[in-house]
Amino acid sequence: MVTRTYDNSHSDESTNGVVVMVEPYSQKEQIQQVVYRILDANLDRAREGLRIIEEWCRFGLNNAQLALECKRLRQEVAKWHTPELRAARDTPGDPGTELTHPQEEQRASIKSVLQANFCRIEEALRVLEEYGKLYHPTMAKACKQMRYQVYTLESSLMGHQRHQLLWRSRLYLVTSPSETLLNNVEAALKGGLTLLQYRDKTADDSLRLEQARKLRQLCHIYGALFIVNDRVDVALAVDADGVHLGQQDMPVTVARQLLGSQRLIGLSTTNKEEMQAAIAEGVDYIGVGPVYETPTKVGKAATGLEYVSYAAKNCSIPWFAIGGIDANNINDVIDAGAERVAVVRSLMQAEQPTLVTQYLLSQLNRIKPEP
Ligand SMILES: Cc1ncc(COP(=O)(O)OP(=O)(O)O)c(N)n1
Ligand SMILES: Cc1nc(C(=O)O)sc1CCOP(=O)(O)O
Ligand SMILES: [Mg+2]
């Protein structure tokens, strides 16, 4: 262990007539000091990041299991923070304390706070793994294991967040091709929209990818969920929250294999049998419709309000009434038992999408207050 104050000069020092020989640090010792400082700083960084995530699991989600996993990891990190590493700390001499990125001073949503801190923990653990090899090989191994455990925690927490927001979402905007796509969507997000689906049946893939990326970014800023219609590959490419499939699209089991358990899968249904099959297959939500005939989905016969009432009594997962729903008939759909609706034209063709979003949400929240 090296605890001396750094001094690399080769001079003798006189103190009150007593000659004290100050030994210089060897180059090896200097490097060791640097390694200790790196380990000290990154042990702190990992622990702080874990505490930030833990607070959300505990107070935001009331999820004892996730909070406990954060605490366990935090304690394991702390175990490696030995006095000799702490003693190497030199905060005034650390140029890094002044360095902040503007993005660190502002966060758009809880999701950004969580993502930034997961990134911080994972980076810190990677640094600990590499420099730990120069200190204690067991520490390096332990940090590698912890990094993988943090990846698992991140995936469970983000999946949990997605499901929570899905259950809370009452209004679902499904887009149609439009010159003002981004403006319309942003206006709806400003009105309180928390669930968006990108649907374009004709765009070529490069435009599809470009628009999906931009919409995902917008949703990220507003803390809304972003779903891609039909295309699992596009959903994965833009890191969407999930995909919406129809009865003729890719089978749910295949989509689940590709997307994993933490992303959302929605499925369109038009009758009881499709609803029961969808639930059995483990989809996260279903579309229930078309309630009314609609030019947005030409040729699909309306199911009417009967199927809405059936869903209200029998569907155990979130479901969205869809098809021809607007500000004039939303109360009929709500009276038939719907708590959630999905719309295309009502918002994509609205002159004031923010106001229409607010109105539709106010009607949906009227019966049952916002969860
Ligand atoms: C929420 C929601 N419900 C139903 C659909 C329709 O899906 P699908 O039957 O696959 O038809 P297309 O949208 O792909 O034409 C949907 N997209 N969203
Ligand atoms: C995309 C879609 N799917 C439906 C289904 O019932 O599966 S109805 C629909 C279109 C809904 O559009 P609008 O709100 O403009 O009527
Ligand atoms: Mg489809």
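Below are the figures for this structure:
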item	result
Tally of residues being under 12 Å from residue 323 (Cβ atoms) and either β-branched (Val, Ile, Thr) or part of a helix (DSSP H, G or I) (or both) across region 270-305	11
Single match in 266, 337 (criterion: in a loop (DSSP other than H, G, I, E, B) and either over 26 Å from the mean Cα position of the chain (by Cα) or modelled with pLDDT of 95 or more (or both))	337
Filter result (of a type outside the set (A, V, I, L, M) and either in a loop (DSSP other than H, G, I, E, B) or touching a residue at least 40 places away in the same chain (Cβ under 8 Å) (or both)) within region 199-226	199, 200, 201, 202, 204, 220, 222, 223
Residue within region 146-168 that is over 30 Å from residue 333 (Cα atoms), hydrophobic (A, V, I, L, M, F, W, C) and without any contact (Cβ under 8 Å) to a residue 40 or more places away in the chain present	no
Qualifying residue in region 171-182 (condition: buried (at least 22 other Cβ atoms within 10 Å of the Cβ), within 16 Å of ligand 3 (Cβ to nearest atom) and under 30 Å from residue 63 (Cα atoms))	yes
Test: residue in region 199-206 that is touching a Leu at 6+ places or on another chain (Cβ under 7 Å) and closer than 23 Å to residue 256 by Cβ	no
Near pairs, Cβ below 6 angstrom, 6+ apart or cross-chain, from region 227-243 (farther than 15 Å from residue 214 by Cβ) to any residue that is within 16 Å of ligand 2 (Cβ to nearest atom) and of a type in the set (D, E, K, R)	229/199; 230/249
Every residue from region 266-276 that is aliphatic (A, V, I, L, M) and more than 16 Å from ligand 3 (Cβ to nearest atom)	275
Candidates 306, 281 - the one that is within 16 Å of ligand 3 (Cβ to nearest atom) and either surrounded by fewer than 19 Cβ atoms within 10 Å (Cβ to Cβ) or modelled with pLDDT of 95 or more (or both)	281
Selection from region 195-232 of residues that are of a type in the set (Val, Ile, Thr), surrounded by fewer than 22 Cβ atoms within 10 Å (Cβ to Cβ) and under 26 Å from residue 110 (Cα atoms)	221
Qualifying residues in region 251-276 (those that are within 16 Å of ligand 2 (Cβ to nearest atom) and over 16 Å from residue 195 (Cβ atoms)) - the one surrounded by the most Cβ atoms within 10 Å (Cβ to Cβ)	269
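Each row is one residue, and each column tells you yes or no for (1) of a type in the set (A, V, I, L, M, F, W, C); (2) in contact with a Lys or Arg (Cβ under 7 Å, 6 or more places away or on another chain); (3) within 25 Å of residue 175 (Cα to Cα).
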| site | (1), (2), (3) |
| --- | --- |
| 259 | yes, no, yes |
| 270 | no, no, yes |
| 273 | no, no, no |
| 285 | no, no, yes |
| 306 | no, no, no |
| 316 | no, no, no |
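The values are calculated or read from the model by the stated rules, or taken from the named source; none is laboratory data. Just so you know, these numbers come straight off a predicted model, no measurement behind them. Reconstructed Cβ throughout: ideal geometry from the backbone, glycine too, with neighbour counts over all protein chains shown.
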